[in-house]
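For reference, the structure is listed below as structure tokens.
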Number of protein chains: 2
Amino acid sequence: MNKTATANKKHYEKVMMLSKRRGFIWGPSPEIFGGLSGFYSYGPLGKIIKNNVEELIQKWLWINGFWEVDAPTVSPEIVWISSGHVEGFIDPIVRCTKCKTVYRADKLIEEFAPNIHTSGKSFEELTKIIEEKNIQCPKCGGKLGEVTGYNLMMKTTIGLDTTGYLRPETATTTYIMFKRLHAFFREKLPSKVFQIGKAYRNEISPRQGVLRLREFTQGEAQTFILPEQEHDFADFKKIENEKLPLLPYKIQMEDREDIQNISLREAIDLGYLEKEAYAWHIWVAYKIYEMLGIPKKRFRLRQHLPDERAHYAKDAWDIEFLTQDFGWVELCGVHDRGDYDLSRHQKYSKQKMLVRSSKGKEVPHVLEIAFGIDRTIYALLEANYVKDDVREWLRLPAFIAPIQIAVFPLMKKDGLDAKAKEVYRTLRQTEFRVVYDEDGSIGKRYRRMDEVGTPFEVTIDYQTLEDGTVTIRDRDTMEQHRVKIEELTKEFKKLIQNPLENLAKQMI
Amino acid sequence: MNKTATANKKHYEKVMMLSKRRGFIWGPSPEIFGGLSGFYSYGPLGKIIKNNVEELIQKWLWINGFWEVDAPTVSPEIVWISSGHVEGFIDPIVRCTKCKTVYRADKLIEEFAPNIHTSGKSFEELTKIIEEKNIQCPKCGGKLGEVTGYNLMMKTTIGLDTTGYLRPETATTTYIMFKRLHAFFREKLPSKVFQIGKAYRNEISPRQGVLRLREFTQGEAQTFILPEQEHDFADFKKIENEKLPLLPYKIQMEDREDIQNISLREAIDLGYLEKEAYAWHIWVAYKIYEMLGIPKKRFRLRQHLPDERAHYAKDAWDIEFLTQDFGWVELCGVHDRGDYDLSRHQKYSKQKMLVRSSKGKEVPHVLEIAFGIDRTIYALLEANYVKDDVREWLRLPAFIAPIQIAVFPLMKKDGLDAKAKEVYRTLRQTEFRVVYDEDGSIGKRYRRMDEVGTPFEVTIDYQTLEDGTVTIRDRDTMEQHRVKIEELTKEFKKLIQNPLENLAKQMI
């Protein structure tokens, strides 16, 4: 995403303008006080989408055997020393010696010298590149200083004098509960848990709107597993023939970007993936985006290059979405973290994290899925945003759309409104999200609903009073068909289906 | 609660021991690093209860016309200056001049002089009371210093140098979106919104476990309303004859504590309540606790005494729960905040918060419901904790119980286990939360499920293989009845009902 961060954000702006106007996403927050980069709020319609995405993840993980937990977002410093974040969760920054403006050193280099690969470079190396390429302060042209480190965690004080940090991820707050969790699972492995909640990164000067947040929501799932269980994983056998759009690092090393649409079994046979258990986690993550209906062409699974991985990561794949303005952006990461986390927490807490295995006692390994909820919501909005000759509208899947059914009287007279309210009340008692609207012309009301992605409108017209039928208008085709009022609920159960339900039937 | 904070916490300890042992609530967190007062985590079973309570509030508020929003938990200082929290969200503290231990001055006075009323007292007045009553440091007997103020917000830095605070409530983060919300609602009032999320209070030394948290979850609903709409509120007419357990301040002023079980209409006629709209909000809040099945004797609606109210509050009622160890504790507050909030934000942001009314333009008023989610969960656990001669168990309502159905083979042989797994898989595809367990004797398995509040167990026995029936055991009576496998789902739909569904039918 970095390389084009300053490029034309035309499409992004269009999506965000609609989002702000219609109550999906507002910001930067707090808007009435000028706003602060990296903070956004969900309006009423955006919040329903957020709830729907979170619920999809919750239910899908539950079906796959994961149990949810909920830990504090604020923890004392020792937790983040133990996790490695105090030492390692650091961005390289550089300050202009003249105007004192501070920049992310790596991002600055990538802007001025797009062909230079900055990941994995030391502060000294980055300083040297800035000197060699003669990169100056973009604001005042002044000389830039030395590259230094800047910890991305937000700091606070608990009580009078205990240093605490806002968590930069949910994962660590789950790992440190391992002993409790292991007892809960009656010491059986693999055991699966997840946590959905807020996390914080104090980015220096985030400039990519909702794609780079300082406060964001993560959905992070972990499987605690014995090394001996990773290569022979029963759940994997059921799905090993499913094909995923993979971009392994070996392909990328050849400067190629062609997606390998191969089965997970083939990916293992070809050496792109090593472990069955890890491959299964990639599949679990992938299914969420398939269910959300993100078009196949706009997402891919990209393996991290060896020098791109965190030092503890044994393997890492990202689910990426192709934005129109920023190129590919990560929506979700799947990580093979080995025994890094539990070993660190064992060391710093002096509490044993060992479990029984055929080899005696071992520290379990961790496989992780990390969903970025906010970026996933943005991807949904962008992927479904359409501006054509007639309309500006959202083609959201019916099960995700904030409003699923709108009920209109054709006119606000002749008893049409009373009848429409009656239909509305009946539909409100179903599981669907329904609104009633009688303001303005019927055409205007259709457009208003198209714009927020409402898939169906029910209109009560003069024929309704004669034969008890209403029209159902389809957002995508703008066509209408007539249905008897007493068959409306049945009809909508057919029209609005949650893909999770079918998948659940296959899985359980 | 204050007066008995140091009293015997026998019952609380029992509830928390079960909670910790079985994966409801763990803490103080982070446990492996010794824990920090005021921080707790939800284990897998507690988290399901939390989700259920939140979903009940979400759905109930939605039925009543509230739309959900989601704002950042971190905001720049100006927000909290504008809200009044920088100046006013302050606890009185006092430090021992000898050992330097810090205490909440008001709590200390209440411990040593229980008949002294501290609320509303200035720092000078509190200092004087400490001197007059000769209250000394409980730890070392040293002389206590002067009472000073201590701001309860957790502070942080955003970017390099912007001061921010973690929100002490969700409410303010909703109010400051008013202009956006008003546009979303097409400028119609009253408009109703809510937000569920984390909030933080940096208590000096919280000593009441999960009842006094530094990080907690709030569910806060607001109605923006014109003053002229408050006295004539259509929704109120539908429920004005419902009786609530009210304890008005006028009764309390007579040193009485007898609950007035009267209708809301009577409460208005008697002058206990003034506004129909506000009375309706009290009813909305009350219904949640009724649906949760908290026994009537253990909760009440208590009006704040005039000197107990925040200076901006026109009226305030708390829903209180009678704990065994701490007396009455607040679970939920309902507040008439007048135009305080929007007027402040208008002043500090210099953005107009005026709306059209019959009088021209006015700043809308705010009526608020604030649910304390964590305390509500604790109340549920305590109210349903039972220890009798035979068992230690939870009598949780079936719709709230983390596990609703457990499926057991009588023995792990003769095909009983295979059959049980088949039944389990069928039930997993319903909306119910189901587990399978074959470990240990059947008696042990029943006890395990009683302890976590599972209302029903399905056992597959030898008769199942003959006639296709299974037993359903009832947690409360420990009695069993036989049902045909193919009728299980229908049977559980009858046995497990969500009170919201019936209420929704009456309301919509």
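Give me the pairs, please: first residue somewhere in segment A:328-356 and under 30 Å from A:Ile259 (Cβ atoms) and more than 11 Å from chain B (Cβ to nearest Cβ), second residue anywhere and in a helix (DSSP H, G or I) and of a type in the set (Ser, Thr, Tyr), beta-carbon distance under 8 Å, and either six or more positions apart or on two chains.
Between residues of segment A:328-356 that are under 30 Å from A:Ile259 (Cβ atoms) and more than 11 Å from chain B (Cβ to nearest Cβ) and residues that are in a helix (DSSP H, G or I) and of a type in the set (Ser, Thr, Tyr), the close pairs are A:Leu331/A:Tyr289; A:Leu331/A:Thr376; A:Cys332/A:Tyr289; A:Cys332/A:Thr376; A:Val334/A:Tyr278; A:Asp336/A:Tyr278.
Is it the case that some residue within segment A:120-133 is of a type in the set (A, V, I, L, M) and part of a loop (DSSP other than H, G, I, E, B)?
Looking through segment A:120-133, none of the residues is of a type in the set (A, V, I, L, M) and part of a loop (DSSP other than H, G, I, E, B).
Is one or more of the residues making up segment B:294-308 crowded, with 19+ Cβ neighbours inside 10 Å, in contact (Cβ under 8 Å) with a residue 60 or more places away in the chain, in a loop (DSSP other than H, G, I, E, B) and touching a strand residue (DSSP E or B) at 6+ places or on another chain (Cβ under 9 Å)?
Checked against the condition, which is being crowded, with 19+ Cβ neighbours inside 10 Å, in contact (Cβ under 8 Å) with a residue 60 or more places away in the chain, in a loop (DSSP other than H, G, I, E, B) and touching a strand residue (DSSP E or B) at 6+ places or on another chain (Cβ under 9 Å), segment B:294-308 yields at least one hit.
Output the residues belonging to segment A:425-462 that are under 30 Å from B:Leu500 (Cα atoms) and part of a helix (DSSP H, G or I).
A:Arg425, A:Thr426, A:Leu427, A:Arg428, A:Met449 - these are the residues of segment A:425-462 that are under 30 Å from B:Leu500 (Cα atoms) and part of a helix (DSSP H, G or I).
Name the single residue, out of those in segment B:49-93 being open to solvent by less than 10 Å² (accessible area, probe 1.4 Å) and over 30 Å from B:Tyr340 (Cβ atoms), that is farthest from the other protein chains (Cβ to nearest Cβ).
Filtering first and then ranking leaves B:Ile49.
Kindly provide the set of residues from segment B:115-130 that are under 26 Å from the mean Cα position of the chain (by Cα) and open to solvent by less than 40 Å² (accessible area, probe 1.4 Å), ordered by number.
Hit for segment B:115-130 is B:Thr118, nothing else.
For segment A:311-424, which fully contained strands (runs of 3 or more DSSP E) count at least 3 residues that are within 27 Å of A:Ser122 (Cα to Cα) and modelled with pLDDT of 95 or more?
Here the list reads A:315-323, A:327-338.
Quick one: A:Phe112 ticks every box in (1) open to solvent by 40 Å² or more (accessible area, probe 1.4 Å); (2) over 22 Å from A:Pro206 (Cβ atoms) bar one, so which box is it?
It is condition (2) that A:Phe112 fails.
Looking at segment B:231-244, I want the residues that are more than 19 Å from B:Leu189 (Cβ to Cβ) and have a partner that is charged (D, E, K, R) with Cβ atoms under 8 Å, at least 6 apart or on another chain. Which pairs are those?
B:Glu240/B:Arg265; B:Glu240/B:Glu276; B:Asn241/B:Arg265
Could you check segment A:255-302 and list, in sequence order, the residues that are over 20 Å from A:Asp336 (Cβ atoms) and of a type in the set (A, V, I, L, M, F, W, C)?
A:Ile259, A:Met291, A:Leu292, A:Ile294, A:Phe299
Looking at A:Leu465, is it over 24 Å from B:Lys59 (Cβ atoms) and open to solvent by 30 Å² or more (accessible area, probe 1.4 Å)?
Taking the combined requirement at face value, the residue satisfies it.
Does A:Thr101 satisfy the criteria of being among the hydroxyl-bearing types (Ser, Thr, Tyr) and facing another protein chain (nearest Cβ under 7 Å)?
no
Out of segment B:433-447, which residues are aromatic (Phe, Trp, Tyr) and more than 12 Å from every other protein chain (Cβ to nearest Cβ)?
Correct list: B:Tyr446 only.
Are any of the residues in segment B:144-154 within 14 Å of chain A (Cβ to nearest Cβ) and polar (S, T, N, Q)?
Taking every residue of segment B:144-154 in turn, at least one turns out to be within 14 Å of chain A (Cβ to nearest Cβ) and polar (S, T, N, Q).
Take segment A:463-478 and flag every residue that is more than 29 Å from A:Glu392 (Cα to Cα) and not in a loop (DSSP other than H, G, I, E, B).
If the condition is that a residue be more than 29 Å from A:Glu392 (Cα to Cα) and not in a loop (DSSP other than H, G, I, E, B), then A:Gln463, A:Thr464, A:Leu465, A:Glu466, A:Asp467, A:Thr469 are the ones that fit.
Which of (1) under 31 Å from the mean Cα position of the chain (by Cα); (2) more than 28 Å from B:Asn502 (Cα to Cα); (3) part of a strand (DSSP E or B) does A:His481 not meet, given it meets every other one?
Answer for A:His481: the failing condition is (1).
The values are calculated or read from the model by the stated rules, or taken from the named source; none is laboratory data. These numbers come from a predicted model, not from an experiment. Note that each Cβ is placed from the backbone with ideal geometry, even for glycine, and that neighbours are counted across all protein chains shown. Side chains are part of the model used for accessible areas, which takes the heavy atoms of the whole protein and leaves out ligands, DNA and RNA. Shrake-Rupley method; radii C 1.70, N 1.55, O 1.52, S 1.80 Å.
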